[in-house]
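In what follows, a structure is listed as C-alpha cells, so that the remarks can point back to it.
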Amino acid sequence: MNVNQSAPPVPPFGQPQPVYPGYHQSSYGGQPGSTAPPTPYGAYNGPVPGYQQTPPPGVSRAPPSSEAPPASTAQAPCGQAAYGQFGQGDVQNGPSSTVQMQRFPGSQPFGSVPLAPVVSQPAVLQPYGPPPTSAQVTAQLAGMQISGAVAPTLPPVGLGYGPPTSLGSASGSFPNSGLYGSYPQGQAPPLSQAQGHLGAQPPQRSAPPQASSFTSPASGGPPPPMHSSQQPGYQLQQNGSFGPARGPQPNYGSPYPGAPTFGSQPGPPQPLPPKRLDPDAIPSPIQVIEDDRNNRGSEPFVTGVRGQVPPLVTTNFLVKDQGNASPRYIRCTSYNIPCTSDMAKQAQVPLAAVIKPLARLPPEEASPYVVDHGESGPLRCNRCKAYMCPFMQFVEGGRRFQCCFCSCINDVPPQYFQHLDHTGKRVDAYDRPELSLGSYEFLATVDYCKNNKFPSPPAFIFMIDVSYNAIRSGLVRLLCEELKSLLDFLPREGGAEESAIRVGFVTYNKVLHFYNVKSSLAQPQMMVVSDVADMFVPLLDGFLVNVSESRAVITSLLDQIPEMFADTRETETVFAPVIQAGMEALKAAECAGKLFLFHTSLPIAEAPGKLKNRDDRKLINTDKEKTLFQPQTGAYQTLAKECVAQGCCVDLFLFPNQYVDVATLSVVPQLTGGSVYKYACFQVENDQERFLSDLRRDVQKLVGFDAVMRVRTSTGIRAVDFFGAFYMSNTTDVELAGLDGDKTVTVEFKHDDRLNEESGALLQCALLYTSCAGQRRLRIHNLALNCCTQLADLYRNCETDTLINYMAKFAYRGVLNSPVKTVRDTLITQCAQILACYRKNCASPSSAGQLILPECMKLLPVYLNCVLKSDVLQPGAEVTTDDRAYVRQLVTSMDVAETNVFFYPRLLPLVLSNGDIYLLENGLNLFLWVGASVQQGVVQSLFSVSSFSQITSGLSVLPVLDNPLSKKVRGLIDSLRAQRSRYMKLIVVKQEDKLEMLFKHFLVEDKSLSGGASYVDFLCHMHKEIRQLLS
C-alpha cells in the first residue's frame, strides 16, 4: 500500500506549509473563529509577579465611564430571548479580527471595598512581600457586600486582538455565515468571554477607550502579518465591571521594568501586595485571552512533542500534525497527569479528554489521510486490538512490533514489513500516515460491517407536523418552499457529482401520511396510517428516492402539502409513532440515516409515547426538582435503543408556543447522536432567517452514520465515564446512530495502576462509521501525555477551559439524580480542593490572607461561578422548565470553545463616546445594547431613525445602510455568526427598556437577579472555603 509515491521530507504528506512569520491565511471565510482548541494560560508557566496596582509606564487609566445600563424588571416577550443551540463554530486560523472585548462598565462600586489581595502564582517558589494580617483579611471579607448600584469603573486599557481583518469586506466574505441557531424564550446562561473582531480604530494605549468610536474604516488590503499593538480594532470588554489585570505571561518578555523574564527560576522580590484589592488585581479573562493570542497566535502549534499544552480555544492558530492529534480533535484537562491514584485524589483535578472525532478543520489544514490496507484491513495489536500508530515500537529488524498500549509483541505481516534505520525507526515511516501522524483514517473491510456486508448509502426522511399550529404559523409553507432548493445540497463525498443520499417524506398530526414519490409517477401518492399503536410502513418502492430522478414529483408534493392541510382544525399530535415509522422505513431499506422532525406541541393524542403537561415551577429548589429534567416515560429510551441498532439518527426542530416537555422529547435525539433546535413562539417574519439557516446547515453537514467509538489507553489509566449525545450498551463502546462535526464525547479517566514518567500515558480514540457515500471507515486519533511525580507539574499543565467543559457536563448530568443545591455544593467543594491542594503543596509560603491561584487556573473561580449561575443550576423567574432541559442537553455535547463563550459571553464595545453601544454574544444569542445618550448621528447611521426614542426595542435586523458604521457593525455580526454552529438571532436592547433585564443576565461578573454571586463575592467565598480546608 502506498499513500504518497515518494517519501517526503519530515513534514509529512504535502500538508500546507505556510511561510512564517506572518503567513497570510484566509481563515474560515476570513472571519475570526472560536473553534480553535482551548489552551492554557501562559506557555510553560514560570513565575508571574503579583499584580501591581499602578498601570505599567505609558498606560494611563481612562476616566470612569458614565454610562451603565440600569436594571429594569419586565420579562422579555415570548420568543424574544433566544436560546439556540450552538455547535462549534468553524475555527478560524489566521488573521484574527480585531474587535477587542471589554468588561461592561458599571454596576459594582469597587474602589472603596477593601479586599484580600489575589495573587496568581505559578507552581514555582516565589517571594512575596508581607501580606496583610489575618485580622485585616477577616474584616475585608466581612466588608465584601458589594451593592448593585451603578458605579463608575475604569475601562481597561487597549487590548490588541490578532492581525486586523478589514471590516469593509466582512459582509461579503463569510461563506458559512447564517447557518446557526439561537433560541427563544428564557435566556442563556451568563457568559462573558469576549473575543476580538473586525474593527476600525487602533486601541489607544494612552487614551481612554471612550474616545474610540469608529473613526476611520480599516483598510481593505491584506492583513499585516504580525500581531502589533497598533492594530485597528474595537476594545474587548470584560463582562462585568473591572478592568483587566495586566500581568506578564510566563516565558515571554515582561512588559514592566523589574518584572522577571521567565525561565523556571524564581524572579526577584516583588513589590508589596496592595493592602486593598484593586479591581485590576482580580484575574481578568479578557487579559488572559489577549495575552495568549499575542503570545501563541502567530506560530503554528506543532504536535510532535509529548504533553504540550495547546493555545487557548480563543486564540486563532494553525496546527501541524507531527504525531499527536490536533487539539481540534482532542483537548485534555491536563497534559501532565499524576503517576499515582493517590496523587490524583489529593489534587482532585479531573483527568478528562473532550474528543471531537469528526471536527471540521480550517482550509489551511489537511483532512486526515485515508489509508487502504486492502483485504487484510488495518494492522492491530492481537491482544488489546489497538490500531497501528506512531507510538508502536518495531523490534527484531522490523519483523515484530511491541504494542505501546499493552506491551504485547506482535508479528508484522509480510506485506507490511519494512527495514529499520539506525534509530530503530522504519525507513518508510514518513510515507505512512499511521506511523507519522496523530490522526488518519483506515478503509474498513467487510469484517467491520453489519451482517458482514458493506452498507448502503444512508437516507434522509423529512417528517412534518401538519397540525393547526404548524399550518397557522406559516411554518409548513416556509419549510416546503425551502426544501425544494435545499435538496440540491445534500452532503456528498469528495468530488462526487451528486449526493448518494436518498430522501423520503412523511406528514403527520394524529395520523401519519406517507408519500410515494417514485420518478415514474405523474403525481405523488399519499397513504394514510391511522393505527398509530401498531406502526408499519405502507410502501417500500417509491418511498426513498434519488432527488435528481424524482425531482418533478418531489416539487409537486412540496407545492401540494401546504394546500392540502390549509384548512385543518386538528390540534393534537403524536410523536413516538413518527420516529417509529421513520426507523421502520430505514430498516426496510436496509440502510442507516437521519430523521428530520418538525414538531409543534406536546403529544397528547392517544398513542404510544403520549405525554401529559407536568410543568411545575413549585418543584424548583425542592428534592423533586430533578424530575423536571427526567423523561416522563421510559418508552422513549426503548425507542432510542432500537433507533441506535438501526443507525437511525433523529434531529428535532421544535416550534412550541407553550410547554412541550423538552426533557422527554429530546431523549431520542440525545441518545442517537442527533440535535435539538428550539424556536419558541415561532413567527415567520421574526424567526425565518434563524430557522432556515439552522436547517440548511443541519441538512448539508457531513455526518458519520451507524458509528461506534472506543477509547483505548496505555496501562495505568482507563476510561471510566462518558458524557455526550450517544448510547452505551456496555462499559466501553460509545454507540452513535449519527455523529457530526459539532458533537463531542467527553471521557473521564481514572488510575488502575502506577504510571511511569518516562513512558508517559497514551490515548487512542477509534471511531468506526459509515460515510455519507456509504463507505465504512475507521478514524483514529492518538495523543501522548506526560506523567509527573510532582504536583507542581500537574498544576503547570492544566487547561482551565477544558476543565470547565468537563465540570459543567458533570454537573448537568448530576441534576438528573441529585438536588440542584447538592450539585452546586459539589462543584464549589471540588474547586476549593483543587486550589487548596495547590496552595498547600506548590505555592511559596505566604499569609492566609492572600488568595493564591495557579497561573494556569487563575480563571477557574470566575468561570466556575458562571457555571453555577447558569439557568440549569440557578434559574431566574423567567426561565422556563423547557429552557432548562434544552440547555442541559445542549451543553452535554458542546466542545470547549462553545462552553467557553456560552458560560462567559463576549462583550464588544462598538461605539464608545458619551453614549455607548455594545454587542454581546454567547454562541446562541446576539444582543446589541444601545445607551440612552447615544449621539444622534450614530442612531441615524445604524438604525435610520432620527433619535434614540424611535429605535424599535427588540428589533432583530439592522437596516442595510450605505455608510461605514452600518457596514462595519453588520459585517461584525455576520462574522460572529459564521463562527458558531447555530445561527444567533440579533436582539436590539435599549437602555432602561424591559429587555434590559435579559441582557443583564449575561453580564456574568455582576451579581445576578436570581441570586448568583458577583465575581468578587465568589472569589471571597472561594478564599474562605480554601482557608477552611487548609486549617
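State the volume of the convex hull built on the alpha-carbon positions of region 905-1003, expressed per residue in Å³ and rounded to an integer.
Values: hull volume 8.8 nm³, N = 99.
Measuring per residue, one finds 89 Å³ for the Cα hull of region 905-1003.
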*How many Å² of accessible area per residue for region 905-1003, probe 1.4 Å?*
26
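Assuming R0 = 41 Å, what is the FRET efficiency of SER376 and ARG718, from their Cβ-Cβ distance, to the nearest 0.05? Don't skip to the end; give the middle numbers.
Numbers: r = 29 Å, r/R0 = 0.71.
Using R0 = 41 Å, I get an efficiency of 0.90.
Counting only other residues whose beta carbon sits under 13 Å from that of SER941, what net charge do I get with K and R as +1, D and E as -1?
Numbers: positive: LYS967, LYS968, ARG970; negative: ASP962.
Here the charged neighbours net out to +2.
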*asked:* Sort 642-649, 738-745, 985-992 by packing, meaning the average of other beta carbons within 10 Å per residue, with the highest value first.
replied: 738-745, 642-649, 985-992
*Hey, if you put +1 on the Cβ of every Lys and Arg and -1 on every Asp and Glu Cβ in region 905-1003, which of ILE917, VAL930, LEU907 ends up farthest toward the positive end of that dipole?*
LEU907
_Centre separation in Å (Cα based) which lies between region 362-430 and region 925-945_ = 61
_Extension gain from VAL395 to ARG492, taking 0.36 nm per residue of separation minus the Cα-Cα distance_ = 30.7 nm
*What number comes out for the charge environment of LYS594, summing +1 per Lys or Arg and -1 per Asp or Glu over other residues with Cβ under 12 Å away?*
-2
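Rolling a 1.4 angstrom probe over the protein heavy atoms, how many square angstrom per residue are accessible across region 321-402? Could the numbers behind the result be given before it?
Values: 2900 Å² over 82 residues.
In whole numbers, region 321-402 has 35 Å² accessible per residue.
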*Candidates per GluC sites (Glu not before Pro) in region 480-510, loop by DSSP, up to 13 other Cβ within 10 Å*: GLU497, GLU498
_For region 793-820 and region 293-350, distance of Cα centres in Å_ = 17
*Can you give me the P(r) profile for region 459-701? Cα pairs, bins 5 angstrom wide beginning at 0, each as a whole percent.*
1, 6, 14, 18, 21, 18, 12, 5, 3, 1, 1, 0, 0
_Counting other C-beta atoms within 10 Å, and keeping those with at most 12, which DSSP coil trypsin sites (Lys or Arg not before Pro) do you find in region 530-616?_
ARG569, LYS612
*asked:* Per residue of region 744-754, what does 6.51 cos²θ - 1.76 cosθ + 1.60 with θ = phi - 60° give for ³J(HN,Hα)? Whole Hz please, x for Gly and Pro, Karplus curve as stated.
replied: 10, 10, 9, 10, 9, 10, 10, 6, 10, 6, 7
*Two-site FRET efficiency, SER729 against ARG569, from Cβ-Cβ distance with R₀ of 41 Å, rounded to 0.05*: 0.40
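Within region 791-923, what whole-number % of the accessible surface is contributed by carbon and sulfur, with the 1.4 Å probe and all protein chains included in the calculation?
Numbers: 1260 of 2370 Å².
Roughly 53 percent of what the probe reaches on region 791-923 is carbon or sulfur.
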*Filter the trypsin sites (Lys or Arg not before Pro) in region 618-650 down to the DSSP loop ones having no more than 12 other Cβ atoms within 10 Å, then list what survives.*
LYS624
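Give, as a single signed number, the net charge of other residues whose beta carbon lies under 11 Å from the beta carbon of ALA836, with Lys and Arg counted +1 and Asp and Glu -1. Each step should come with its number before you reach the end.
Values: positive: ARG839, LYS840, ARG1027; negative: GLU1025.
Neighbour charge sum, excluding ALA836 itself: +2.
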*Return the whole-Å distance between the Cα centroid of region 873-911 and the Cα centroid of region 529-569.*
37
*Which percent of the accessible heavy-atom area of region 459-701 goes to carbon and sulfur, probe 1.4 angstrom?*
47
_Whole-number accessible area per residue in Å² for region 459-701, which is evaluated in the context of all protein chains at 1.4 Å_ = 37
*Using a basic spin-label model with each label point 7 Å from the Cα along Cα→Cβ, how many nm lie between LYS618 and GLN936?*
5.6
*Rounded to whole Hz and in sequence order, give me ³J(HN,Hα) for region 497-514 from the Karplus expression 6.51 cos²θ - 1.76 cosθ + 1.60, θ = phi - 60°, writing x for Gly and Pro.*
5, 9, 6, 7, 6, 9, 10, x, 9, 9, 10, 7, 9, 8, 10, 10, 10, 9
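The values are calculated or read from the model by the stated rules, or taken from the named source; none is laboratory data. Please read all numbers here as calculations on a predicted model, not as lab measurements. Positions of Cβ are backbone-derived with ideal geometry, glycine not excepted, and every protein chain shown enters the neighbour counts. Ligands, DNA and RNA are stripped out before the accessible areas are found, and what is left, the full protein with its side chains, is counted by its heavy atoms. Shrake-Rupley method; radii C 1.70, N 1.55, O 1.52, S 1.80 Å.
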